[in-house]
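Structure record follows, encoded as structure tokens.
The values are calculated or read from the model by the stated rules, or taken from the named source; none is laboratory data. The structure displayed is predicted, hence computed values, not measured ones. Cβ sites come from the backbone with ideal geometry, for glycine too, and all protein chains shown count toward neighbours.
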């Protein structure tokens, strides 16, 4: 997977990324969004300026890709209840109006582009399905808070 | 007496074959062909969506066991039952059935593919081990039969509470991978490469 690069260097960059950046982001959903945002839409290549300066662009890209896969795996293997909780944490962290957030997420479905390349199709399908149902549940809870 | 037993066995065999044919015949309705998985078209069925992200066939990560447990387990459905409407529950069950069927047919196809490759590779091998090949064929047939059974059960009852059968399929897949790995140690080339079969736990 990391052919051509020293595994130990990628390991260092990966732990550096986790320690300096990801640890400061609360919740795995927010981390997933962040990591996916470091991936270029056109080339699917990851980029992080600080990490690339400290290591190299290639090492930084590999470390980001690995972290992206790890965080995705944690969420894809989470129960729907836990995923809904993570999504709610993320929604609150954005400080958007919840109704606006739900409207945008259900219309644009940005969660479709946060799946890492190479993710198992069944896992990816389950993740996307779970996010859609978590959004439905959270939105209905928002509209009828007295029921829950 | 022996004749009656043979007739019963034949009838049962015919039923199994007919059931398998029905399942396979109706398969395109539920299973999502690999070619369409990369089309990127947004659909209502979430089961169809994520495949647009796949780089190429057989270059995917293995589906984690926890994911399979969620697909076939009752926890997520219970969560929806407690927190959602009947309409949402029905949509959830429909979605999960699609995803479960997709997993089953993927397992079926992957194993079929690796076995075809294996047979092509060993056809001309001078070191053919009959006992090893027999074991492999038995494991392969068992796996495919379990996949068909699971697909049938999914059509009849949905994925809820089928975790054990899905887990058993995962175990047989693992065994097939182990047997092929055992063979590949004495034959050139890695037969499990890109197969989707796990050869290590």
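Annotations for the structure displayed:
- Residue in region A:93-113 that is closer than 26 Å to residue B:76 by Cα, within 14 Å of chain B (Cβ to nearest Cβ) and outside any helix (DSSP H, G or I) present: yes
- Among the residues listed as A:66, A:18, the single one being part of a helix (DSSP H, G or I) and within 14 Å of chain B (Cβ to nearest Cβ): A:66
Okay, residues lined up against (1) in contact (Cβ under 8 Å) with a residue 24 or more places away in the chain; (2) in a loop (DSSP other than H, G, I, E, B); (3) away from chain A (no Cβ under 14 Å):
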position: B:98; (1), (2), (3): yes, no, no
position: B:102; (1), (2), (3): yes, no, no
position: B:108; (1), (2), (3): yes, no, no
position: B:114; (1), (2), (3): yes, no, yes
position: B:137; (1), (2), (3): no, no, yes
position: B:159; (1), (2), (3): yes, yes, no
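- Matching residues, region A:114-131, being modelled with pLDDT of 95 or more and over 20 Å from residue B:68 (Cβ atoms): A:114
- Considering residues of region B:116-135 that are touching a residue at least 60 places away in the same chain (Cβ under 8 Å) and not in a helix (DSSP H, G or I) only, the residue surrounded by the most Cβ atoms within 10 Å (Cβ to Cβ): B:125
- All positions within region B:74-88 that are more than 8 Å from chain A (Cβ to nearest Cβ) and surrounded by fewer than 16 Cβ atoms within 10 Å (Cβ to Cβ): B:74, B:78, B:81, B:82, B:86, B:87
- Residue that is within 17 Å of the chain's Cα centre (by Cα) and surrounded by fewer than 16 Cβ atoms within 10 Å (Cβ to Cβ), where the choices are A:108, A:114: A:108
- Evaluation of residue A:85 against (1) outside any loop (DSSP other than H, G, I, E, B); (2) not assigned by TED's automatic domain parsing to the domain that holds residue A:139 (one fails), failing number: (2)
- Breaking point among (1) within 14 Å of chain B (Cβ to nearest Cβ); (2) at pLDDT below 95, for residue A:55: (1)
- Test: residue in region A:71-85 that is away from chain B (no Cβ under 12 Å) and out of contact with any strand residue (DSSP E or B) (no Cβ under 6 Å at 6 or more places or on another chain): yes
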